[in-house]
Amino acid sequence: MHGEGDHGFVPFLIGVARSKGVSGYIGDGANRWPAVHRLDAAHLYRLALEHGPAGSVFHAIGDEGVPTREIAEVIGRQLDVPVVSITPEDAPAHFDWMAAFWALDAPASSALTQARLGWRPTHVGLIEDLEQGHYFRAVQALAV
């Protein structure tokens, strides 16, 4: 999830880029991350509670797969640091515990969720959210 006030994965990656002086991605950066704006996820959560059959699984996905290189490029632009490829072997030292997550290729879809609950993500995607700059206004306390 992403959005103003986020304290999760993206702020951690920004903290790593600040502390290391480079915004990194692993390998060719083609691996993909699904994402959803937190307000879209909140709307889905409400719909699932009100209309979802007990035991159902729903996927809150706004962006089905954002290449990690694109995420790193926005972070690099916003912080004015180089964007670099980190080898898979060097990733744990560079990204710490986040390396395993940052290396995943995890495209996902909310097509079934949308069909079953009538939910549609309406807020900005991850890249546009990063471009707005709010992630970069205050120094994040999640640096490695």
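The values are calculated or read from the model by the stated rules, or taken from the named source; none is laboratory data. What you are looking at is a predicted structure, and each value in this text was computed from that prediction instead of being measured. FYI the Cβ positions are ideal-geometry reconstructions off the backbone, even for glycines, and counts take in every protein chain you see. Only protein heavy atoms, including side chains, enter the accessible area calculation; ligands, DNA and RNA are left aside. Shrake-Rupley method; radii C 1.70, N 1.55, O 1.52, S 1.80 Å.
Scanning segment 72-99 for residues that are without any contact (Cβ under 8 Å) to a residue 40 or more places away in the chain, surrounded by 11 or more Cβ atoms within 10 Å (Cβ to Cβ) and either in contact with a helix residue (DSSP H, G or I) (Cβ under 6 Å, 6 or more places away or on another chain) or closer than 23 Å to His2 by Cα (or both) returns Arg77, Pro92. Screening His43 on (1) more than 13 Å from Thr113 (Cβ to Cβ); (2) open to solvent by 60 Å² or more (accessible area, probe 1.4 Å) shows it passes everything except condition (1).
Got at least one residue in segment 123-133 being open to solvent by 40 Å² or more (accessible area, probe 1.4 Å) and more than 19 Å from Glu4 (Cβ to Cβ)? No; the residues of segment 123-133 include none that is open to solvent by 40 Å² or more (accessible area, probe 1.4 Å) and more than 19 Å from Glu4 (Cβ to Cβ). For segment 1-40, filtering for residues that are among the hydroxyl-bearing types (Ser, Thr, Tyr) and surrounded by fewer than 19 Cβ atoms within 10 Å (Cβ to Cβ) leaves 1. Restricting segment 46-55 to residues that are touching a residue at least 24 places away in the same chain (Cβ under 8 Å) and of a type in the set (Gly, Ala, Ser), the residue that is surrounded by the fewest Cβ atoms within 10 Å (Cβ to Cβ) is Gly52. Being more than 13 Å from Val22 (Cβ to Cβ), basic (Lys, Arg) and at pLDDT 95 or above is the requirement here; does Arg46 meet it? In short, yes.
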